[in-house]
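The values are calculated or read from the model by the stated rules, or taken from the named source; none is laboratory data. Quantities reported herein were computed from a predicted structural model and do not represent experimental measurements. FYI the Cβ positions are ideal-geometry reconstructions off the backbone, even for glycines, and counts take in every protein chain you see. Accessible surface areas use protein heavy atoms only, side chains included; no ligands, DNA or RNA. Shrake-Rupley method; radii C 1.70, N 1.55, O 1.52, S 1.80 Å.
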Amino acid sequence: MTNLVLFLVLAVVAVVTALGMLLSRNAVYAALFLVLNFATVAVFYILLEAPFIAMTQVTVYAGAIMVLFLFVIMLLGAERLPGTEPLPWQRPLAIFLALVLAVEAGYLLFARRAAGGMFASAAPDFGSPQAIGTMLFNRYLLPFEVTSVLLLVAMVGAIVLTKKEKGGRE
Amino acid sequence: MDSALILEWVIKSAILIFVLLTGFAYLTLFERRALARIQVRIGPNRAGPFGLLQPVADGLKLIFKEELTPAEADKVLFTLAPVVTVVPALILAAVIPWGRDVTLFGRQVSLSVADLNVGVLYIMAVSSIAVYGIVLAGWSSNNKYALLGGLRSSAQMISYELALGLAFVPAILLADSMRMVDIVEAQHPWWFVVIQPVGTAIFLIATLAEVNRAPFDMPEAEQELTAGYHTEYSGMKFALFFMAEYAKMIVISSIAATLFFGGYLGPGVDRYPWLGPLYLFIKIVILLFGMIWLRATFPRIRYDRLMAFGWKVLLPLALAVTFITALGIVLEMLWLIPVLSLAAGLFTVAMVHRALRRKAYARA
């Protein structure tokens, strides 16, 4: 019962912050709404008994990535968003993709329910740091390593881009 | 979940916030007296015996000061920024255990507000949120100096967060848990500072940068930025920034004491669990004195040097220390960890020394 009330309140907060992010004309406010949204999602994870993911969500998305966003917005002085859409094909594509997502989610929910039983309930140590560590470094070791190599490549690329070209003018 | 349990949590949280707020007030007095002593002055000694009423006088003065809001400032964020700075500093302390369980009024009471199984991650998450207050204060003031201070602090805090995060790893690996209580209990009989001295040093340096304390107080460098991100703040709003800095100093010291200096452990704590909070308090005061001592000793580091130090020295060393700790645990040779990490630390110091000397020669 408490979980349901918590979930309803949080869902409203999540939707409102997402709308605020989309509708605010000031880039700083949009970024801050997104931070709130990430924090709300983190609380959802705690409700689902996955504290590890919740903390990672706050640290990585709210704490690191959004700070960089704000940093760039302030550095460029780009608080005022342009009134016109810079990419005209973006809006129809977004609507189409959203529809696909809604249909897929609806199909999964109703088809699974028709087949009997929703989803398996979580194991007792589900979401504990130990369980996630064991999973990550045994069963999903290869994807984990591939992801880390990808991130490394991105980092090297960023460093190369910031370097001055040899022989070029300062 | 009975109502007595909720009452217990509320009481413990209230005690924690009360301790942090009085601690903040008396830490300012402690700092002023200690700095005065180091600089062969006397310091504040007029208000009450030994100046003990000085924090009360300061607080009253700040309450009665006029609060200014710049005309072109973003009013909402300008008001919100000090609050966003203070709250993380206070809730960070929730996961720190003050002692073993004690019996009080016939109830088993654990001496920590929240005993999370992801305690270390909680600290990382909350401390990564803390940067917003400073950035928003800088931006919403609509002042060039404040904005520069805010940008500097966000760059600095993100950079040193990496080294800080990696400095947590040796403690997690050695304790085999992210729960703060487990980490403390694993330091019996050897504190982690003995097993991993270099990791402790990295942690202490990175935390100094995280709380913007001297010699890493670039965001509020008076000579170049007047006062950095809080240039436009006055009255109680300024006091909130002040409070956040000192509350964070206390919390960071208690985290360092818990992760590396044995937390509430000490002689006799098995027999008398009430000694735990006392030992933790003593350790926190010693670490705080170290911070004040550093402020009195070192000049502020130049900004490019600060970033170079964070990325090119502290981060690689922290990676090496993490690797060495894992190696020592896998090989089951714990003595290997302090030996190898001290060697790595000395090598780093020697390389930095060489680079600086070469620069000095090039200039001469």
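Miscellaneous remarks
- Filter pass, B:Ile158 being within 12 Å of another protein chain (Cβ to nearest Cβ) and either among the aliphatic types (A, V, I, L, M) or open to solvent by 40 Å² or more (accessible area, probe 1.4 Å) (or both): yes
- Given (1) open to solvent by less than 70 Å² (accessible area, probe 1.4 Å); (2) away from chain B (no Cβ under 14 Å); (3) within 30 Å of B:Met157 (Cβ to Cβ); (4) modelled with pLDDT under 75, index of the condition A:Ala122 fails: (3)
- Of all residues in region B:282-302, at least one satisfies being assigned to a helix (DSSP H, G or I), more than 14 Å from the chain's Cα centre (by Cα) and within 24 Å of B:Val95 (Cα to Cα).
- Residues (farther than 20 Å from B:Leu204 by Cα and either open to solvent by less than 20 Å² (accessible area, probe 1.4 Å) or of a type outside the set (Gly, Ala, Ser) (or both)) located in region B:318-338: B:Leu327, B:Gly328, B:Ile329, B:Val330, B:Leu331, B:Glu332, B:Met333, B:Leu334, B:Trp335, B:Leu336
- Screening B:Arg295 against (1) closer than 30 Å to B:Thr103 by Cβ; (2) modelled with pLDDT of 85 or more leaves a single unmet condition, (1).
- Within region B:145-181, the set of residues being farther than 26 Å from B:Phe309 by Cα and more than 21 Å from the chain's Cα centre (by Cα) comprises B:Leu174, B:Ala175, B:Asp176, B:Ser177.
- Check on A:Val28, modelled with pLDDT of 85 or more, at the interface with chain B (Cβ under 8 Å from one of its Cβ atoms), assigned to a helix (DSSP H, G or I) and closer than 23 Å to B:Ser140 by Cβ: no
- For region B:175-192, the tally of residues that are within 14 Å of another protein chain (Cβ to nearest Cβ) and open to solvent by less than 70 Å² (accessible area, probe 1.4 Å) stands at 6.
- The single residue among B:Ile42, B:Ile91 that is closer than 23 Å to B:Met249 by Cα and at pLDDT 80 or above turns out to be B:Ile91.
- The residues listed here are B:Pro97, B:Pro82; of these, the one that is surrounded by 15 or more Cβ atoms within 10 Å (Cβ to Cβ), touching a residue at least 60 places away in the same chain (Cβ under 8 Å) and in a loop (DSSP other than H, G, I, E, B) is B:Pro97.
- Selection count, region A:76-106, where residues are open to solvent by 70 Å² or more (accessible area, probe 1.4 Å) and at pLDDT 85 or above: 9
- When region B:110-151 is filtered for residues that are within 19 Å of B:Phe216 (Cβ to Cβ), part of a loop (DSSP other than H, G, I, E, B) and either more than 10 Å from chain A (Cβ to nearest Cβ) or out of contact with any helix residue (DSSP H, G or I) (no Cβ under 6 Å at 6 or more places or on another chain) (or both), nothing remains.
- Of all residues in region B:185-244, exactly one satisfies the criterion of being touching an Asp or Glu at 6+ places or on another chain (Cβ under 8 Å), of a type in the set (A, V, I, L, M, F, W, C) and modelled with pLDDT under 80, namely B:Ala227.
- Within region B:48-69, residues that are surrounded by 13 or more Cβ atoms within 10 Å (Cβ to Cβ) reach partners that are among the polar types (S, T, N, Q) and assigned to a helix (DSSP H, G or I) with beta carbons closer than 9 Å, at six or more positions or on different chains, in the pairs B:Gly48/B:Gln54; B:Gln54/B:Thr28; B:Pro55/B:Thr22; B:Pro55/B:Thr28; B:Asp58/B:Thr28; B:Thr69/B:Thr79.
- Among the residues of region B:24-63, the ones that are under 26 Å from the mean Cα position of the chain (by Cα), among the β-branched types (Val, Ile, Thr) and over 18 Å from B:Phe242 (Cβ atoms) come to 1 in all.
- Filter pass, A:Gly20 being at pLDDT below 85, in a helix (DSSP H, G or I) and within 14 Å of chain B (Cβ to nearest Cβ): no
- The requirement of being surrounded by 23 or more Cβ atoms within 10 Å (Cβ to Cβ) and within 28 Å of A:Pro51 (Cβ to Cβ) is not satisfied by B:Leu111.
- Within region A:1-9, not a single residue is surrounded by 16 or more Cβ atoms within 10 Å (Cβ to Cβ) and touching a Phe, Trp or Tyr at 6+ places or on another chain (Cβ under 9 Å).
- In region A:49-60, the residues that are more than 7 Å from chain B (Cβ to nearest Cβ) reach residues that are part of a helix (DSSP H, G or I) and not acidic (Asp, Glu) with C-beta atoms within less than 6 angstrom, at least six apart or across chains, in these pairs: A:Ile53/A:Tyr45; A:Ala54/A:Ala42; A:Ala54/A:Tyr45; A:Ala54/A:Ile46; A:Gln57/A:Ala42.
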